[in-house]
Amino acid sequence: GLYATSTPSKGNWLSKSVSTVDDGNISVVINNDSCRIEFNLTSKEQAKNKQIFDVLWNKKTDIEVQIGYVLDWQRKDGIKSSSICLCRPYSYLNLDDKENIFNFFLEDSKKMMDLFTELGSKLKLKSK
């Protein structure tokens, strides 16, 4: 999968860069009561993150149709970063959710990486 070669961390997330988007990454995050996959814009320049977010926001319907889910769009005007998230109410504390979490992270993180890599290339979201 996407994170098979990742180095373990003490945090509750793993991230991979989206090569076609400036300071963009896909993260998988797990908490006690939920898990999510995030597309994050993390440039040190707030205006750059918001500009890329707004370009994607204008394609929101197309993006959600392509990914097959309604996403949680978080522009986060008060801070530098922005995120687009896919959330599920799966808990690692619930043994019955383990397979769902595994499949969610394995399949949907790849879908999100593929989609945002393609969009970054098409929409020219990477500085030269």
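Calculate one ³J(HN,Hα) per residue across the range 33-45 by plugging θ = phi - 60° into the Karplus curve 6.51 cos²θ - 1.76 cosθ + 1.60, and present them in order as whole Hz with x for glycine and proline.
Those phi angles translate into 10, 6, 9, 8, 10, 10, 9, 10, 10, 10, 4, 5, 9 Hz.
Kindly write out, for the range 26-31 in residue order, the coupling ³J(HN,Hα) from the Karplus curve 6.51 cos²θ - 1.76 cosθ + 1.60 (θ = phi - 60°), rounded to whole Hz, with x marking Gly and Pro.
10, 10, 10, 10, 10, 10
Work the Kirkwood hydrodynamic radius out for the chain: mean of 1/r over every pair of different alpha-carbon atoms, inverted, in Å.
Mean inverse Cα-Cα distance, inverted, gives 15.1 Å.
How much length would be gained if the chain were fully extended between residue 60 and residue 128, taking 0.36 nm per residue of separation minus their Cα-Cα distance, in nm to one decimal?
22.0 nm
How much net charge surrounds residue 3 when only the other residues with a Cβ under 15 Å from the Cβ of residue 3 are counted, with Lys and Arg +1 and Asp and Glu -1?
0
Across the range 100-114, in residue order, what do the Karplus-derived ³J(HN,Hα) couplings come to in whole Hz, using 6.51 cos²θ - 1.76 cosθ + 1.60 with θ = phi - 60° and x for Gly and Pro?
4, 4, 4, 5, 4, 5, 5, 7, 7, 5, 5, 4, 5, 4, 4
Report the extension gain between residue 77 and residue 51 in nm, rounded to one decimal, defined as 0.36 nm multiplied by the number of residues separating them, less their alpha carbon distance.
8.2 nm is the gain from fully extending residue 77 to residue 51.
Report, in debye and to the nearest 20, how large the dipole of the range 59-128 comes out about its Cα centre when Lys and Arg carry +1 and Asp and Glu carry -1 on their Cβ.
Dipole about the Cα centre, nearest 20: 640 debye.
Placing +1 on the Cβ of each Lys and Arg and -1 on the Cβ of each Asp and Glu in the chain, which of 5, 117, 104 has its Cα farthest towards the positive end of the resulting dipole?
117
For the chain, set up a GNM with springs between Cα atoms under 10 Å and report which of 42, 61, 20 has the largest fluctuation.
61
For a quick check of your reading of the filter: which GluC sites (Glu not before Pro) in the range 19-128 sit in a DSSP loop and have no more than 12 other Cβ atoms within 10 Å?
45
Out of the trypsin sites (Lys or Arg not before Pro) in the range 1-73, which ones are loop residues according to DSSP with at most 11 other C-beta atoms within 10 Å?
Hits after loop and neighbour filter: 10, 44.
Can you pick out the pairs among 10/60; 59/98; 76/111; 10/122; 16/76 whose Cα atoms lie more than 29 Å from each other?
Too far apart for the 29 Å limit: 10/60; 59/98; 10/122.
Laboratory data are not the source of any read-out in this text; all were calculated from the coordinates shown. The structure displayed is predicted, hence computed values, not measured ones. All Cβ positions, even for glycine, are placed from backbone atoms using ideal geometry, and neighbour counts span all protein chains on display.
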